[in-house]
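Following: one structure in structure tokens, then a few remarks.
The values are calculated or read from the model by the stated rules, or taken from the named source; none is laboratory data. Since the structure is predicted, the reported quantities are computational estimates derived from the model, not experimental observations. Please note: Cβ atoms are built from the backbone with ideal geometry, for glycine as well, and neighbour counts cover all protein chains shown.
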Amino acid sequence: MFSALFALSGQAQSVKGLLNKAKSTLENNTGAIPLSKEEIGNGLKEALNIGVDDAVSFLSVKDGYYKSAYKVLLPKEAQSIMSKLKVVPGFSDVEANMIEKINRAAEDAASSAKPIFIGAIKGMTFTDALNILKGDNDSATRFLEKSTYDQLYAAFIPEIKKSMEKVEATSYWNSVVTKYNKLPLTKDVNPDLADHVTTQALVGMFGLVEKKEAGIREDKSLRTNDLLQKVFSQQD
């Protein structure tokens, strides 16, 4: 489901190096800036909190999904419907209209994810943080995936359905499917659009959290408080 939280193609090695240094600091506590276990755990939580907050804030406004790299596209089954309907009078812009509507639904629902992410981050124990720091460069993603995916999906899909109703994506989709199923030589179809939009919206959200987290680890200017500066200075 999710791409690895720290596995951006150009940054994997540097992040892995950071984790190794953090592990060494944790075990030996001999660095230039001594760190306690609490500081390391809290620093990781703070970085994840910032990443989540920035991602949700970005995606939950107009065009957050629709005009970004996290744009939700239609499933393959729906694309086959669109290709046949484009030649039908009144449906020439059907694909563009549908894509805009599902992205508006994703944007409208995005803010519901934040409390679930925050709850998972608050619930991190020092053992969780230690395992992340000692683990592979996708360990934070695995933690968030394990801790939040089922909750996020369960919370997100009713919000997506509600939002699809709000932006008239559901009624428009129903008219599209009805028209398609009346065409000659076609088999009746009705892909589960809400499931697809929910899944892809979460993929986009985790992708942006990944980018924000990597930024904090790589860019000193993004370490906006003393704790972040102290914890992540170990990589510099």
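Filter region 148-163 for residues that are crowded, with 20+ Cβ neighbours inside 10 Å and modelled with pLDDT of 90 or more; which is farthest from residue 52 (Cα to Cα)? That would be 163.
Residue-by-condition table, conditions (1) surrounded by fewer than 17 Cβ atoms within 10 Å (Cβ to Cβ); (2) of a type in the set (D, E, K, R); (3) under 24 Å from residue 140 (Cα atoms):
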position	(1), (2), (3)
60	no, no, yes
66	no, no, no
93	yes, yes, no
125	yes, no, yes
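Listed by first and then second residue, the pairs with beta-carbon distance under 8 Å, at least 6 apart or on different chains, first residue in region 57-73 and within 18 Å of residue 95 (Cβ to Cβ), second among the charged types (D, E, K, R) and assigned to a loop (DSSP other than H, G, I, E, B), are 65/71. The residue that is modelled with the highest pLDDT, counting only those in region 25-65 that are among the hydrophobic types (A, V, I, L, M, F, W, C), more than 14 Å from residue 121 (Cα to Cα) and out of contact with any Phe, Trp or Tyr (no Cβ under 9 Å at 6 or more places or on another chain), is 61. In region 151-170, the residues that are farther than 11 Å from residue 116 by Cβ reach residues that are charged (D, E, K, R) and buried (at least 16 other Cβ atoms within 10 Å of the Cβ) with C-beta atoms within less than 7 angstrom, at least six apart or across chains, in these pairs: 163/108; 166/108; 167/101; 167/104; 167/108; 168/101; 169/101. Taken together, 109, 105, 113 contain a single residue that is surrounded by 15 or more Cβ atoms within 10 Å (Cβ to Cβ), part of a helix (DSSP H, G or I) and touching a Leu at 6+ places or on another chain (Cβ under 7 Å), which is 113.
The condition (being out of contact with any helix residue (DSSP H, G or I) (no Cβ under 8 Å at 6 or more places or on another chain) and either under 17 Å from residue 199 (Cβ atoms) or modelled with pLDDT of 85 or more (or both)) is satisfied by just one residue among 100, 95: 100.
The listed residues are 128, 150, 53, 63, and the only one of them that is charged (D, E, K, R) and either assigned to a loop (DSSP other than H, G, I, E, B) or touching a Ser or Thr at 6+ places or on another chain (Cβ under 7 Å) (or both) turns out to be 63. Restricted to region 164-236, the set of helices (runs of 4 or more DSSP H) holding at least 2 residues that are surrounded by fewer than 19 Cβ atoms within 10 Å (Cβ to Cβ), within 23 Å of the chain's Cα centre (by Cα) and not acidic (Asp, Glu) comprises 193-218.
The condition (being closer than 17 Å to residue 198 by Cβ, surrounded by fewer than 22 Cβ atoms within 10 Å (Cβ to Cβ) and aliphatic (A, V, I, L, M)) is satisfied by just one residue among 85, 74, 35: 74.
Looking across region 66-100, the residues that are assigned to a helix (DSSP H, G or I) and under 18 Å from residue 183 (Cα atoms) come down to 77, 78, 79, 80, 81, 82, 83, 84, 85, 94, 95.
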